[in-house]
Amino acid sequence: MTVNIITLGCSKNIVDSEVLAARLQRMGHRVFFEGTMKSDIVILNTCSFIGDAREESVNEILVQVDRKMRRQIKKLYVVGCLAQRCKAELEAELPEVDGFYSFADLHKMVDANEFDLLGTSERLLSTPPHYAYLKVSEGCDHQCSYCAIPLIRGKQVSKPIPLLVEEVRKLADQGVKEVMLIAQDLTYYGLDLTGKRELANLMEALAQVRGIEWYRLHYAYPLNFPYEILDVMNAYPQFCRYLDIPFQHISDDILKDMRRGGGSQYIYDLIARIRETVPGIALRTTLISGYPTETLEQHKELVEFVRRNRFERLGVFAYSQEEDTPAYPLGDPIRRNIKTRRVGEIMQLQESISRELNEAKVGQTLKVIIDSEERDHYVGRTEFDSPDVDNSVLVTKEKPLTIGEFYPVTITEAAEYDLYGTLT
Ligand code: SF4
């Protein structure tokens, strides 16, 4: 049958869809991603991280139910975090859906006794062929007060190093050149396997795989930071000088209330040591604005944190009250317009910081991977830019370039979130 897999949410969901796709393909089905074409089956992989994500998932279910009613598809199945978290309510409210599958039930969808999303190196890529995500573990052992992920994905389960190396070898054989390492918490990788932090060992093993030119690290947890990974980053040019490390806040009281561990001084020292150990590293972080107990003073502290640390990449979320999380009883007292104003203030500051950091790159020659071709320029990224979330380099069209290839580009101009350049 023809199966169209639609994926919402984070990069971990993308990998889950790709693993499911490979299994369905092995069963003889023809599998597509994201298409709007007619198909026998649609599998919708949903997200339930925060309120807005749940809303987007429910709206997409309704779109697909409508398509089923108009006979554009025969069967509709819903998987992923929303199915995991709200299966009973959804089954009651949406009888038109042919099945809601929690993670534990997924094997039923593929007619198998068991189906472990982490237990295979087989994937059918849905990303452009030159880059891929590598999910090194699922679940999380932390209990951040605002976060529902441990409730949805459970405790951390790490994928063994040999299986990950095999997976990356297969990706390299398919022409993948860039791999983003992802997890709920990358820095705790391996603790459940050996009782020790194994990320540095994993990085060493991946560095031996031929064909991958760029590895990028996402979702590092600040507390008890494994500094040894920075030495591996320095030892192997394949590891981009890039680290995604969500800090969420900087106020000691808020960090304590969020159950993040560590404190403001720990975070300032951590950032200083990372920048000292890996000169020129790009730090990406995410922050939460409008946490229930956040005072105006604590908001100003967060603004000052952004001003002083000049992150290369930064995102801010307005606090979303999540059922059954430790913070839920605090309510959501900070009005939406206040949250929006606080988020706006931080992003306005970040815009000027990002422009200044980009302007400092004018005149430099940077290694750029080409992602796509537009009418009068190519779009690419540097080692400091992850797909879909970071900056782009717009490269003037002088001669035909190959998508997925690397080129030296001299930066001629800068904007807030983009660089402009010509081939060197
Ligand atoms: S580290 Fe905290 S925010 Fe991240 S997934 Fe785990 S509980 Fe959620």
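Can you find, within the stretch 119-148, the residue that is surrounded by the fewest Cβ atoms within 10 Å (Cβ to Cβ) among those that are more than 16 Å from the ligand (Cβ to nearest atom) and aliphatic (A, V, I, L, M)? Ranking the qualifying residues of the stretch 119-148, first place goes to LEU124. For the stretch 166-189, a tally of residues being open to solvent by less than 10 Å² (accessible area, probe 1.4 Å), in a loop (DSSP other than H, G, I, E, B) and more than 16 Å from the ligand (Cβ to nearest atom) returns 1.
Taking the stated definitions as given, is SER372 in contact with a Lys or Arg (Cβ under 7 Å, 6 or more places away or on another chain), open to solvent by less than 80 Å² (accessible area, probe 1.4 Å) and under 27 Å from GLY9 (Cα atoms)? Judged against the criteria, SER372 is not a match.
Whenever a residue of the stretch 144-165 is more than 12 Å from GLU323 (Cα to Cα) and assigned to a loop (DSSP other than H, G, I, E, B), its partners that are near the ligand (Cβ under 9 Å from one of its atoms) and of a type in the set (Asp, Glu), lying with C-beta atoms within less than 9 angstrom and at least six residues away or across chains, give the pairs LYS155/ASP141; GLN156/ASP141; GLN156/ASP185. Does VAL97 satisfy the condition of being out of contact with any strand residue (DSSP E or B) (no Cβ under 6 Å at 6 or more places or on another chain), away from the ligand (no atom under 16 Å from the Cβ) and hydrophobic (A, V, I, L, M, F, W, C)? Considered against the rule, which asks whether it is out of contact with any strand residue (DSSP E or B) (no Cβ under 6 Å at 6 or more places or on another chain), away from the ligand (no atom under 16 Å from the Cβ) and hydrophobic (A, V, I, L, M, F, W, C), VAL97 comes out as no. The residues of the stretch 374-424 that are part of a strand (DSSP E or B), among the acidic types (Asp, Glu) and more than 24 Å from the chain's Cα centre (by Cα) amount to a single one, GLU413. Could you please let me know if THR410 is farther than 25 Å from HIS218 by Cβ, out of contact with any strand residue (DSSP E or B) (no Cβ under 6 Å at 6 or more places or on another chain) and surrounded by fewer than 18 Cβ atoms within 10 Å (Cβ to Cβ)? No: the conditions fail for THR410.
Of all residues in the stretch 101-117, exactly one satisfies the criterion of being open to solvent by less than 30 Å² (accessible area, probe 1.4 Å), farther than 20 Å from GLY28 by Cβ and touching a Leu at 6+ places or on another chain (Cβ under 8 Å), namely LEU117.
When GLN143, GLN174, GLN156 are screened for being assigned by TED's automatic domain parsing to the domain that holds SER320, touching a Gly at 6+ places or on another chain (Cβ under 8 Å) and among the polar types (S, T, N, Q), only GLN156 passes.
The values are calculated or read from the model by the stated rules, or taken from the named source; none is laboratory data. The shown structure was predicted, so the numbers you read here are calculated from the model rather than taken from an experiment. Glycine also receives a Cβ, built like all others from the backbone with ideal geometry; neighbour counts cover every protein chain displayed. All accessible areas refer to the heavy atoms of the entire protein, side chains included, with ligands and DNA or RNA removed. Shrake-Rupley method; radii C 1.70, N 1.55, O 1.52, S 1.80 Å.
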